[in-house]
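The block underneath contains the structure these notes are about, expressed in structure tokens.
The values are calculated or read from the model by the stated rules, or taken from the named source; none is laboratory data. What you see is a predicted model, and the numbers here were worked out from it, not measured in a lab. FYI the Cβ positions are ideal-geometry reconstructions off the backbone, even for glycines, and counts take in every protein chain you see.
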Amino acid sequence: MEVTVNLITTALAPGATVLELISQHTGREIMPSGQAADGGRLGLAVARNGEVVARSQWAAVALQEADHIDIVTAVQGG
């Protein structure tokens, strides 16, 4: 299946979840709670088709063909 992530077409297994996408995108293992397994901070927010997906729901939200995903990374600065 293909979804668009930050304007880039990305191939995923059918039925992949937001959590699986974030794990693939970051190269890190993500726990069902949406936290990084290594204890580090992710600093990410995710929207699916313009709707924010709560971190606690990442494991429950299955992606569908042609979904548009925005992954926003927090950066420190001033």
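So that you can scan it fast, the table gives a plain yes or no per residue for (1) under 12 Å from the mean Cα position of the chain (by Cα); (2) modelled with pLDDT under 95; (3) of a type outside the set (A, V, I, L, M, F, W, C):
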residue	(1), (2), (3)
Gly43	yes, yes, yes
Ala47	yes, no, no
Val53	yes, no, no
Gln57	yes, no, yes
Ala62	yes, no, no
Ala66	no, no, no
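If you go through segment 56-78 and pick out every residue that is of a type in the set (A, V, I, L, M), in contact (Cβ under 8 Å) with a residue 60 or more places away in the chain and part of a strand (DSSP E or B), you end up with 2. For Gly40, are the conditions met, namely being in a loop (DSSP other than H, G, I, E, B), surrounded by 17 or more Cβ atoms within 10 Å (Cβ to Cβ) and in contact (Cβ under 8 Å) with a residue 12 or more places away in the chain? So Gly40 fails the test. Scanning segment 15-34 for residues that are on the phi < 0 side of the Ramachandran plot, more than 8 Å from the chain's Cα centre (by Cα) and either part of a loop (DSSP other than H, G, I, E, B) or free of Cβ contacts under 8 Å to residues at least 24 places away in the same chain (or both) gives Ala16, Gln24, Thr26, Arg28, Glu29, Met31, Pro32, Ser33.
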